[in-house]
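Down below is the structure, laid out as structure tokens.
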Amino acid sequence: MSYFRMIWTHILDFICPPACPMCRAFLRAPNQICPECFKELDFITRPQCAVCGLPFEFDIWEGSLCGACLRKKPRYDVARACLVYDEASKKLILPFKHGDRMELVPLLVRLLEQTGGDLIRRADAVMPVPLHRLRLMKRKYNQAALLAQKLARGHRKRYLPHTLVRIRHTPIQGHLPPNQRRKNVARAFAVKCPDQIRGKNILLIDDVMTSGATADECARVLKRAGARRVMILTLARVCRG
Ligand SMILES: [Zn+2]
Ligand SMILES: [Zn+2]
């Protein structure tokens, strides 16, 4: 860090000291979560479904699949999420998603790296789940793209922000049941420049995985365009059932 930048960081810390993103308690260093809030977060660890990453309550042999993946194997190869999407993780993710809190990017990328080390190593290219341009205008940024870009840079992976595009504006999925979510995202995505992904392992980044319908549809389109493997890495996932 240059001398000037170091002084500037000290001035910034003085005017606006680093705070916990979840409870605003002051902290000694930036890009941290305070110990109290950290305890509230439910990190997803093994045992879990080998494909979609759903945590299991009981220890079960390595490579087991959850009921949903056994009934219908997802089109993506593997999905992993750092946290259970609950009241605690919402306090971390929603301000980032809707509140322009871009200073959270380094912290959130560190969480993705801790959970997705294996996926990142195997990836040839990293890309975000795209937003439709109308939603992009409303939100100003695609938050998943901010995460994907920093992750790709940090690991010297190819970053492809414009290869997968959303061609249909879909209603927000929040309250739709699973079968309607699938219909909602059908034919919503397309691949531009398939040469960039042919035969490649793709790591797709998003903030929250809900039913997995979006991840599944993205994987279908990417594979049809020639991608070898599609891996999904998200900050959190809904863990019902
Ligand atoms: Zn806190
Ligand atoms: Zn599963």
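Loop-located GluC sites (Glu not before Pro) in the range 6-88 (DSSP state other than H, G, I, E, B) with a sparse environment of at most 16 neighbouring Cβ atoms within 10 Å: GLU57, GLU62. The relative contact order of the range 75-237, computed from alpha carbon pairs under 8 Å that lie at least 6 residues apart in sequence, is 34 percent. Taking the chain as a Gaussian network of alpha-carbon nodes connected by springs under 10 Å, the highest mean-square fluctuation of the residues ALA219, ALA19, ALA148 belongs to ALA19. Expressed per residue, the C-alpha convex hull volume of the range 101-155 stands at 78 Å³.
Gyration tensor over the Cα atoms of the chain: the corresponding equivalent ellipsoid has semi-axes (square roots of 5 times the eigenvalues, largest first) of 30, 22, 18 Å. Listing MET6, MET231, MET127 from fewest to most neighbouring C-beta atoms within 10 Å gives MET6, MET231, MET127. If R0 is 35 Å, what FRET efficiency do you get for LYS192 and ASN31 from their C-beta distance, rounded to 0.05? Given R0 = 35 Å and the Cβ-Cβ separation, E is 0.55. Taking the charge dipole of the range 84-181 about its Cα centre, with +1 at Lys and Arg Cβ atoms and -1 at Asp and Glu Cβ atoms, the residue from VAL165, GLN180, MET127 reaching farthest to the positive side is VAL165.
Semi-axis lengths, largest first, of the ellipsoid equivalent to the range 121-241 are 22, 16, 15 Å, with √(5λ) applied to each eigenvalue of the Cα gyration tensor. Checking every one of the chymotrypsin sites (Phe, Trp or Tyr not before Pro) in the range 1-103 against DSSP loop status and a limit of 16 other Cβ atoms within 10 Å picks out PHE56, PHE58, TRP61. Ordering LEU151, LEU131, LEU233 from the fewest to the most neighbouring beta carbons within 10 Å gives LEU131, LEU151, LEU233. Based solely on its DSSP helices, what 222 nm [θ] is calculated for the chain when runs of n ≥ 4 H residues each add -39,500 (n - 2.57) and the sum is averaged over all residues, nearest 500 deg cm²/dmol? So the helix-based figure for the chain works out to -11500 deg cm²/dmol. Going by neighbour counts of Cβ atoms within 10 Å, the residues THR163, THR234 line up, fewest first, as THR163, THR234. When DSSP beta bridges are restricted to pairs lying wholly in the range 75-237, around 15% turn out antiparallel. Taking the longest Cα principal axis of the chain as reference, the axis of helix 213-224 is set at about 60 degrees. Once the convex hull of all Cα atoms in the range 1-136 is built, its volume per residue stands at 181 Å³.
Modelled this way, with points 7 Å down the Cα-to-C-beta line, the labels at GLN114 and ASN179 are 4.0 nm from one another.
Bear in mind that the values in this text are calculations on the coordinates, not laboratory data. Values in this document were obtained by computation on a predicted structure and should not be read as measured data. Positions of Cβ are backbone-derived with ideal geometry, glycine not excepted, and every protein chain shown enters the neighbour counts.
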